[in-house]
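Visitor: Attaching a single structure in structure tokens format; questions to follow.
The values are calculated or read from the model by the stated rules, or taken from the named source; none is laboratory data. This one's a predicted model, so the numbers in the text were calculated from it and none came from an experiment. Positions of Cβ are backbone-derived with ideal geometry, glycine not excepted, and every protein chain shown enters the neighbour counts. Note: accessible area is taken over every heavy atom of the protein model, side chains too, but ligands, DNA and RNA are not part of it. Shrake-Rupley method; radii C 1.70, N 1.55, O 1.52, S 1.80 Å.
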Amino acid sequence: MAVDSERSAVASTGVTIRVLRVAFAALTAVALFAIVRDSSVDPTFSYSNYFSYFTVLSNVGTVVVLAVGGLLDPQGLGWQLVRGAVTLYMVITGIIYAVLLSGIEVGIHGQWTNDVVHRIMPVVILLDWVLVPARRRISEAQSLVWLAFPLVYGIYTLIRGPFVDWYPYPFLDPRGQGYVALLIGLVVLTTAFVLMALAVNAVGRLGSRWRYGSSAPAGE
């Protein structure tokens, strides 16, 4: 009983972290709203296109994860898997922006909003994942399940694109590069995403060892 109580106390999240989670969730929400406000003056603006950006979807997930983590602080394995998934999506967002999209028009007009969704929040949610890691060990297989959403997103984008004559990102647009180059690029991206998923899980484990020691049980 004493051991269980000690573990529960260790697993709980401090008030400061929870307040910061809510604050960063609010910042992200304001940035997403500001993007809509600034973009809606353009007659070509489309809500369906707006919500077809991976950046937007991953940041919406960030708002949910940080808000729920700050207000409710669930500790179950299922929720930790959701946290890990959204952390991965934001890591993907930050890295892909830095490597492939910096300096390219991606539907965001304000510099501060661009910095929030592409630069600041990927770092914030990764730090949250490392500093307040999952209490139960997440396996490599479980972390690879996180890639289901990017897979579905890619299929959705490639199917939708020809119907609306619009693609959110140049590397997903076959019109200029052709399908062979697109396929090669997707293979490279898929490999990179697998490595990112494993890396996000690995740094979470490092954070778990740092905070909880080597006693974190495996997830089921």
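Visitor: Expressed in whole Å with the largest first, what are the equivalent ellipsoid semi-axes of segment 103-220 derived from the C-alpha gyration tensor as the square root of 5 times each eigenvalue?
Guide: Result for segment 103-220: semi-axes of 33, 19, 11 Å.
Visitor: Rounded to whole Hz and in sequence order, give me ³J(HN,Hα) for segment 50-66 from the Karplus expression 6.51 cos²θ - 1.76 cosθ + 1.60, θ = phi - 60°, writing x for Gly and Pro.
Guide: Computed from phi, the couplings for segment 50-66 are 4, 7, 9, 7, 4, 4, 5, 5, 5, 6, 4, x, 5, 4, 5, 5, 5 Hz.
Visitor: Could you calculate the contour length gain from residue 199 to residue 166, that is, 0.36 nm times the residue separation minus the distance between their Cα atoms, to one decimal place in nm?
Guide: Here the answer is 8.7 nm.
Visitor: Which order do you get for 105, 140 if you rank them by accessible area with a 1.4 Å probe, largest at the top?
Guide: If we order 105, 140 from most to least accessible, we get 105, 140.
Visitor: Given C-alpha coordinates of segment 66-110, what is the ratio Rg to Rh with the Kirkwood estimate of Rh?
Guide: Here Rg/Rh amounts to 1.16.
Visitor: How large a share of the accessible area of the chain, in percent, is made up of carbon and sulfur atoms when the probe is 1.4 Å and the other protein chains stay in place?
Guide: 72
Visitor: Compute the longest continuous run of the chain that contains no exposed chymotrypsin sites (Phe, Trp or Tyr not before Pro); treat a site as exposed when its DSSP state is not H, G, I, E or B and it has at most 13 other Cβ atoms within 10 Å.
Guide: Between the exposed loop sites, the longest stretch runs 52-220.
Visitor: Given the chain, what whole percent of its Cα pairs are spread farther than 32 Å?
Guide: Here the long-distance tail beyond 32 Å is 23 percent of all Cα pairs in the chain.
Visitor: Pull out the extension gain between residue 159 and residue 51, defined as 0.36 nm times the separation in residues minus the alpha carbon to alpha carbon distance; nm, one decimal.
Guide: In short, 37.3 nm is gained.
Visitor: Run the quick spin-label model on residue 72 and residue 140: label points 7 Å from Cα toward the beta carbon, then report their separation in nm to one decimal.
Guide: 3.3
Visitor: Moving to a separate point now. Given labels modelled 7 Å from the Cα in the Cβ direction, how far is it in nm from residue 95 to residue 26?
Guide: 3.3
Visitor: Report D for segment 31-116 in µm² per second (integer): Stokes-Einstein, Kirkwood Rh on Cα pairs, 10 °C, 1.306 mPa s.
Guide: 112
Visitor: If I model a spin label as a point 7 Å beyond the Cα along the Cα-Cβ vector, how far apart are those points for residue 209 and residue 79 in nm?
Guide: Each label point lies 7 Å from its Cα, and together they span 2.7 nm.
Visitor: While we're on this one: List every residue whose amide H lies under 5 Å from the amide H of residue 137, counting only residues 5 or more places away in sequence or on a different chain, with H placed 1.01 Å from N in the peptide plane.
Guide: The answer is 218, 219.
Visitor: How much area per residue is accessible in the chain when the probe is 1.4 Å and only protein heavy atoms are counted (Å²)?
Guide: Result: 51 Å² per residue.
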